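In what follows, a single structure is set out as structure tokens and then discussed.
FYI, it's all coordinate maths here, none of it is from the lab. Quick caveat: nothing in here was measured; it's all calculated off a predicted structure. Glycine also receives a Cβ, built like all others from the backbone with ideal geometry; neighbour counts cover every protein chain displayed.
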Amino acid sequence: MKIFCLLLTAICSPVLSESWKATTVKNLDALVSSCVVVPCSFSHPKEKLPTSRLRGIWHRSDKRDEIIYYEDKTRVLENFRGRTQMLGDLGQNNCTLEIVEIKNHDNGPFCFRIELARTETDTETKDKFSFVEDCVGLNMLPGPQKPKLVHSETATEGHPYIVTCSVIHTCPSHPPTLTWSRSTGDGLIEDHREIHSGFWEKQSILTFIPGEKDDHSEITCTAVFHGQKTSSATMKVYVKRAENYNHIIIPAVVGVATAVIFGVFCIFMVKKYKKRITELQSQDGSMWNRLSRLSRRIHSSGPGPSRSDQRRSIWSRFSRRPKGDRVDFGHTPNNVMSQSCADQKVSKPRFPSPKSQPKSCNYKEDLDDGDDYINTADLNVYGNI
């Protein structure tokens, strides 16, 4: 009979063990004085069970009576009492555990056990399943991890510059807070995601436009964990000046614009004056026609007497005046004037001509020669001297 019971137990144990399973992580980091969340799930062969019929228990792996979590607080170890709670819903097959205010001795390992009550009203449990093969161990971290900064090597002045700060943690119920040493404004994006089972990443993305004053400046990202432990990472910003061709473009544009304006102005003035000249030429009796006729008249007429000829004629008049107190021209017969120069008797010497010319023999002819230049009044004056 005993042999039969042992064979039956051996046959049924694998079936039961395969029917009730728990899944959790093997190892998890835990920051001392902070918190940790142990992910856990289980499965069973029965129909969906209500949460009221399920009892979840976490205990030490080597001592099942040392309970770190149970809904009846009196059964929990004193040093864990008030520091543990079930985050998961047992009706959803979720057995996730949270431990806060981590102590140095909270290293585990810890295992999950579930108990099934007979009915919702009968709290006595008839089935108990311990998953001692799926326990979790905690790695105690005395200090937090430093945030990781990801950024480009250099920033360009006037262009957006992105810096990403991220930190890994194991307490998604109380994620760390990331702050920046410079003003963030609206250029800040935060993200929180699970990177693998039990490990989460908190990320903060800072975007800003660097200026010349930001060159060689420092930016610090600080992570504040639950329990007020902090860590930070610092980077230095190197700003590269943006290519600026304004000192070339502006003078070139101004020069081209000035040349275009001056060219247009010149073309406009040339057309305007050409039109005006055409209008003047087309008008009958206009000033242009008068000037043209006057020019033709001047070119057609011969040259007048030169100034030297006029001067010679005037001086020839003076050369005929005798040097003496009196000269008598009044009663001289005409035939006397026609005599030769040698026969003329003068009491006083004559005035010499400007050109030292000899006295004209024919006084009357000289007077006739100068009629073009000396008027009759002048001749009368000379005749009355």
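Observations on the model:
- Among the trypsin sites (Lys or Arg not before Pro) within the range 175-255, those in coil by DSSP and having at most 11 neighbouring Cβ atoms inside 10 Å are R241.
- Using every pair of separate Cα atoms, the Kirkwood estimate puts the hydrodynamic radius of the range 99-181 at 18.1 angstrom.
- Over 17 Å [Cα-Cα, the range 155-217], rounded percent: 48
- Cut-off 15 Å between beta-carbons: net charge of the residues surrounding E201, Lys and Arg +1, Asp and Glu -1: 0
- At the listed q of 0.10, 0.16, 0.23 Å⁻¹, the Debye profile of the range 115-238, built from one uniform point per Cα, gives log10 I(q)/I(0) equal to -0.47, -0.83, -1.29.
- Reciprocal of mean inverse Cα separation for the range 69-113 (Kirkwood radius, Å): 11.5
- Coordinate range along principal axes, alpha carbons of the range 131-172, Å, largest first: 60, 22, 16
- For the range 16-122, the Kirkwood estimate of hydrodynamic radius, built from reciprocal distances between every pair of different alpha carbons, is 14.5 Å.
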